[in-house]
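The values are calculated or read from the model by the stated rules, or taken from the named source; none is laboratory data. In this text, all values refer to a predicted model and were calculated from it rather than measured experimentally. Because the Cβ atoms are built from the backbone with ideal geometry, glycine has one as well, and the counts that use them run over all protein chains shown.
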Amino acid sequence: MKAYFFTFILAGLTLTSCSSDDDNKIIDGEDTVVIPENYSFERNGNSTVSYDGQTTRLKMTSEIMGDFTDFDNATEESLSNMFANDNNPFSSAALNESSKSVKSKVAASNLYFSANTVESNAIKTDFEDFIATQMNAVKTNKDELAEPGIAGQIADGSSIRYVNAQGLEMNQAFAKGLIGALQADQMLNNYLAQPVLDEGENRANNEAGITEEGKNYTTMEHKWDEAYGYLYGDPSVPAEDPNSMLNESNDRLLFNYLGRLEEDADFAGIAEETFEAFKIGRAAIVAGDYELRDEQVAIIRENISKVIAVRAVHYLQGGKAALENENYGSAFHELSEGFGFVYSLRFTNNPATNSPYLTKSQIDGFIQELLEGNGFWDVTPETLDSISQEIATAFGFAVSEA
Amino acid sequence: MNKIPGFLLILIFLFSACSTENEDKTPDNEKEENSFDREAMLVNWADNIILPAFQNFESSTRTLEEQTTAFIQDPSVAKLEVIRSAFRTAYLDFQSVSMFEIGKAEQLNYRNFLNTYPANTTNIREKIETGSYNLELPSSYAEQGFPALDFLINGLGANEAEIVSFYTENPNASAYKSYLEAVSTRINALTVEVSDSWHGDYRDTFVNNTSSSSTGAVDKFTNDYVMYFEKFLRSGKIGYPAGAFTGEPSPQNTEAYYANDFSKELYLKALESVQDFFNGVHFDGSSAGKSYKQYLDYLDSIKEGANLGELINLQFDTIKAQADSLDASLKEQVRTNNTPMLEAFDLLQMAVVLLKVDMMQALSISVDYVDSDGD
């Protein structure tokens, strides 16, 4: 409780300092960078901020997740259609008419996958497999009690969890997996990657104020906003001041878990720091200060990567505690969330190396340890501790902090 | 969304508490807390309250099962009355153990299997007719336990003869009989399992877990106790039927809906059990031992100049006094005049704050159930 209390004070102070200062802060460098109070940027009196495409994909993800356990109506085909946006699968015409899909942006970043389509396709297939398992093995056994090696339902307090033969909830694997494979990968390894921000004539056009055809933004500004949109693009999150809805929005993906870290005294401050970095970086682009911009990229990459790692360890440890009390339903739910975050580690970005904090083979090893044999039914506390420790060490925090 | 306002509320209370009372006392508190005999409290809880309460309840569920068997062998109005009486005794006795959802009970999701209401009568009828059911599935919570039994012995027809006819003349009579027996048998079997674990190793595991960390027995159980009061007593028995969260009164959400005049008695019994536990009163009522009340007194916990333990007892007394004005059937109360139900809810909510904020803070116990996942 003390920890929460402290957070509250911090938040209060932060709020005070924001509202009492002048609206804009200025960093003097070679160029003058004007940092607005909110994420608000204009050219000729009109906003230059736009990330509709990200909001569209987040809405699609919400609809898919809503259908994932609707065994009465959903099928492998219907979910797969939603994932790829084929055959007008959504309830909203706007989503159906969109040229975008979730699947096309899974494991699709410039930095990690543009010349690695083998792995990119394998990851897309993993997500298709999550759907297929849910709508076949799990659905078939939805009225059976889950047992080691047998899919079915299992009680978690008043909730019912539907798990595969290894105790894994496919909806958790899918949703928490997308936090890495869609959101973090697109943000950290695509839109914030230098080859994307600085592609072609981006710098020259940005400095000359040459906007995209029919738009009010330069390409570089827009790339930055697209990264912003993957974190803050849920329709319930206010565009200019997202943290005002931290832990209160309808977002159930990355922004939600950023909020969870903020509530933990060991990581409090991360939400504000991340937002500031987005804002300063965007202001730096307006001023043409790319060095300052890239410093902010490093902060965002570190913080977003940390959200994934901390939540992975948090859920593995939560699962371990529940297993020790033989509360299997509760344990499997925690471990399923943990599995999704472990899967997402592949898409983290360590700014010191411009590559994931853990290697693909390390992460594949974790996944194998979690799921081998009967999976969560017989995973040991020692295994959960050793994976937790390896993750925490790679990211520089203590297991107990998560 | 739901949890945030509550969370902020706690913060606000914490804030006022910190700034008004405890500043100069903190060092004393910490010292005294360390010397309070938590193990003696756990022993009193286990040996004088929890074990005898389960022993008593187990005997009621055994009788219930036996009377069910007697009924299905030869269904009659007279035998229906006997089951009904066994049902009432067992359901009342359940109110003394429902708050102990820890250990084996927690692993089994015991409370969900015994008392998820309203019963899903559509599913119950369907399962009786198809003869295909598995009461071990968590998706069948609302098709078993006391609420299902209530439906099967009180709700199938307009009068006793009509109800008995489901077990005699109905084309599916034998299916009705099997289902009734399956429900009674499962209540007893689960209860035996939980009771056995308390009378076996779990008692020692519980009383020896004296750590003051979040996994210690006092911290963990206190969360279970306060959550029971908030979610199952306040919300379940009063809040949902009264529509306290929706503005829509819902009489169908009342406990023991078909028994009709029984819901207030269950509510009062639950209140009494919670208060007795707070005061460490032995299950047989003979005397009292180490308790939350003593722990708070030991820490000299004060809220706005008054003794916190006494404030909590006073609030329990106020709630019980207010309940006197309620109809014996809470369903009728909701239908005829819902305001006293909402007033009851408000009084219960004040007790939630005293327990969840003031008491838990005084005992330095973190609330572990606020941060539920929501997914």
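Going through B:Leu137, B:Leu156 one at a time, which residue ends up being surrounded by fewer than 22 Cβ atoms within 10 Å (Cβ to Cβ), touching a strand residue (DSSP E or B) at 6+ places or on another chain (Cβ under 8 Å) and among the hydrophobic types (A, V, I, L, M, F, W, C)?
Details: B:Leu156 fails: touching a strand residue (DSSP E or B) at 6+ places or on another chain (Cβ under 8 Å).
Selected residue: B:Leu137, the only one of B:Leu137, B:Leu156 that is surrounded by fewer than 22 Cβ atoms within 10 Å (Cβ to Cβ), touching a strand residue (DSSP E or B) at 6+ places or on another chain (Cβ under 8 Å) and among the hydrophobic types (A, V, I, L, M, F, W, C).
Filter region B:191-239 for residues that are of a type in the set (Asp, Glu) and touching a Ser or Thr at 6+ places or on another chain (Cβ under 8 Å) and give the result. Full working, then the answer.
Kept after step one, since they are of a type in the set (Asp, Glu), are these residues of region B:191-239: B:193, B:196, B:201, B:204, B:219, B:224, B:230.
Hit for region B:191-239 is B:Asp219, nothing else.
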Residues of region A:368-401 being within 19 Å of the chain's Cα centre (by Cα) and either closer than 21 Å to A:Leu178 by Cβ or basic (Lys, Arg) (or both), which ones? A:Ile391, A:Phe395
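From the list A:Thr61, A:Thr55, pick out the single residue that is surrounded by fewer than 19 Cβ atoms within 10 Å (Cβ to Cβ), part of a helix (DSSP H, G or I) and within 26 Å of the chain's Cα centre (by Cα).
Working: A:Thr61 fails: surrounded by fewer than 19 Cβ atoms within 10 Å (Cβ to Cβ).
The unique qualifying residue is A:Thr55.
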Name the single residue that is nearest to A:Asp143 (Cα to Cα) among those in region B:115-138 being without any contact (Cβ under 8 Å) to a residue 40 or more places away in the chain and part of a helix (DSSP H, G or I). B:Pro138
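Which one of B:Phe316, B:Phe278 is aromatic (Phe, Trp, Tyr), modelled with pLDDT of 95 or more and over 29 Å from B:Gly247 (Cβ atoms)? Working first, answer last.
Working: B:Phe316 fails: over 29 Å from B:Gly247 (Cβ atoms).
Matching residue, one of B:Phe316, B:Phe278: B:Phe278.
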Residue check, B:Ser325 touching a residue at least 60 places away in the same chain (Cβ under 8 Å), away from chain A (no Cβ under 14 Å) and of a type in the set (S, T, N, Q): no
In this structure, is B:Ser197 of a type in the set (S, T, N, Q) and either assigned to a helix (DSSP H, G or I) or closer than 24 Å to B:Asp324 by Cβ (or both)? yes
Unmet criterion (only one of (1) part of a helix (DSSP H, G or I); (2) out of contact with any Asp or Glu (no Cβ under 8 Å at 6 or more places or on another chain); (3) surrounded by fewer than 22 Cβ atoms within 10 Å (Cβ to Cβ); (4) not hydrophobic (A, V, I, L, M, F, W, C)) for B:Tyr179: (3)
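Only one residue in A:Phe130, A:Phe83, A:Phe90, A:Phe71 is surrounded by 13 or more Cβ atoms within 10 Å (Cβ to Cβ), within 14 Å of chain B (Cβ to nearest Cβ) and among the aromatic types (Phe, Trp, Tyr), so which one is that? Show your work before the answer.
Numbers: A:Phe130 fails: within 14 Å of chain B (Cβ to nearest Cβ); A:Phe83 fails: within 14 Å of chain B (Cβ to nearest Cβ); A:Phe90 fails: within 14 Å of chain B (Cβ to nearest Cβ).
None of the others qualify; the one that does is A:Phe71.
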In region B:92-114, how many are assigned to a loop (DSSP other than H, G, I, E, B) and away from every other protein chain (no Cβ under 11 Å)? 6
For region B:139-161, give me the residue count where each residue is closer than 26 Å to B:Leu92 by Cβ and in a helix (DSSP H, G or I). 16
Filtering region B:159-172 down to residues that are surrounded by fewer than 15 Cβ atoms within 10 Å (Cβ to Cβ) and touching a residue at least 40 places away in the same chain (Cβ under 8 Å) yields B:Ala161, B:Thr168
Applying the selection to region B:278-312, what residues are surrounded by fewer than 20 Cβ atoms within 10 Å (Cβ to Cβ) and touching a Ser or Thr at 6+ places or on another chain (Cβ under 6 Å)? B:Asn279
Residue under question is B:Gly103, and the condition is that it be in the same structural domain as B:Trp198 (by TED's automatic domain parsing), surrounded by 16 or more Cβ atoms within 10 Å (Cβ to Cβ) and not aliphatic (A, V, I, L, M); does it hold? yes
Would you say A:Asn243 is over 17 Å from A:Val297 (Cα atoms) and either surrounded by fewer than 19 Cβ atoms within 10 Å (Cβ to Cβ) or acidic (Asp, Glu) (or both)? no
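Here's the yes/no breakdown for (1) at pLDDT below 95; (2) in contact with a helix residue (DSSP H, G or I) (Cβ under 8 Å, 6 or more places away or on another chain); (3) hydroxyl-bearing (Ser, Thr, Tyr):
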residue: A:Asn46; (1), (2), (3): no, no, no
residue: A:Gln54; (1), (2), (3): no, yes, no
residue: A:Asn85; (1), (2), (3): no, yes, no
residue: A:Asn116; (1), (2), (3): yes, no, no
residue: A:Ile123; (1), (2), (3): no, yes, no
residue: A:Ala137; (1), (2), (3): no, no, no
Set A:Ala137, A:Ala184, A:Ala165, A:Ala122: member being in contact (Cβ under 8 Å) with a residue 60 or more places away in the chain and outside any loop (DSSP other than H, G, I, E, B): A:Ala184
Does region A:311-332 contain at least one residue that is at negative phi, in contact (Cβ under 8 Å) with a residue 60 or more places away in the chain and within 13 Å of the chain's Cα centre (by Cα)? yes
Here, helices (runs of 4 or more DSSP H) confined to region B:235-354 with at least 1 residues that are among the aromatic types (Phe, Trp, Tyr) are B:263-278, B:292-298, B:308-323, B:339-353
